[in-house]
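> Next up is a structure, given as structure tokens.
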Amino acid sequence: MTDCNYRGYRIITKRDETWKAEIYAPGTYGVVETITTPQQDERSVILMAQARIDQDCPRHC
């Protein structure tokens, strides 16, 4: 069973070469999960967050 409210993310900070994205459920104020990556560019954390969301919430939701 998937949770179809699990489908938003936002990029928060970059500290010491670490990008951080927070995955959240729309309509709530709570963060569902946090993704971090030591990669040099912001795109890598965006792709990781999107992959995590797609894993739990198929596009047909």
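Bear in mind that the values in this text are calculations on the coordinates, not laboratory data. The shown structure was predicted, so the numbers you read here are calculated from the model rather than taken from an experiment. For neighbour counting, all protein chains shown are included, and Cβ atoms are generated from backbone atoms with ideal geometry for every residue, glycine included.
> At a 10 angstrom cut-off on C-beta neighbours, averaged per residue, how do the peptides 30-40, 45-55 rank from highest to lowest? Show your work: numbers first, answer last.
Numbers: 30-40: 13.8, 45-55: 15.9.
My ranking of the peptides, most packed first, is 45-55, 30-40.
> Once you place label points 7 Å from the Cα toward the Cβ at Gln50 and Glu33, how far apart are they in nm?
Taking the two extended label points, one gets 1.6 nm.
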